[in-house]
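The values are calculated or read from the model by the stated rules, or taken from the named source; none is laboratory data. Values in this document were obtained by computation on a predicted structure and should not be read as measured data. Positions of Cβ are generated from backbone atoms using ideal geometry, with glycine treated the same way; all protein chains shown enter the neighbour counts.
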Amino acid sequence: MENKKILECALLVLAIALVVIFALEFQQREARFCRTILNGLVAGSVEIEKFIDWEQLVAVGVDVGKTYRNKPNPETKLNYVRDFIRGFSVGFRSVKSDVNKFTNWRVLQRKGTKVVVAADYLLYNKTILFTLSKLRKTKLIALEWNEGLLSDKKTSASSAADNK
């Protein structure tokens, strides 16, 4: 009888461990996704355009989506996307930033179909916030800087993304 209880406890511990591992992996997947987007933007790689919801995108307070939606045809929309990616890359490199200096990648908040992923940039004492929409496919819909480093607390930028 005691062996049965030991086996039941071992199975329970194993089940809990698997749930924790799955949950951590799920969160890391979203952080890796954002890291892929950032690396692609910095590299000027047009391949990452498929990971961004261009119609909804707000980047550092600029409604990129509105400009995108107002483009008259697919060709000008594609040119706008490529110019945005190229401009991001040039701007990032012109201030001598280093994509490898982003640390502490984590899921900061989940609300409905939105997830906010944060990464700290210690050189400038800032946190970058990526808001993902998980409506259909996971896509980036907002990219914001937070002045100062964040712990795992809610920010005004993530609150603004909630209301979009």
If we take the range 41-157, then strands (runs of 3 or more DSSP E) inside it with 1 or more residues that are more than 22 Å from residue 29 (Cα to Cα) are 126-133, 139-147
Within the range 136-161, of all residues that are at pLDDT below 85, crowded, with 16+ Cβ neighbours inside 10 Å and of a type in the set (Ser, Thr, Tyr), the one farthest from residue 47 (Cα to Cα) is 155
When every residue in the range 77-102 that is of a type in the set (Ser, Thr, Tyr) and surrounded by 12 or more Cβ atoms within 10 Å (Cβ to Cβ) is compared, the one nearest to residue 58 (Cα to Cα) is 80
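Does the range 125-144 hold any residues that are out of contact with any strand residue (DSSP E or B) (no Cβ under 7 Å at 6 or more places or on another chain) and free of Cβ contacts under 8 Å to residues at least 24 places away in the same chain, and which are they?
135, 136, 137
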Subset of the range 29-46, residues within 18 Å of residue 116 (Cα to Cα) and small (Gly, Ala, Ser), comes to 31
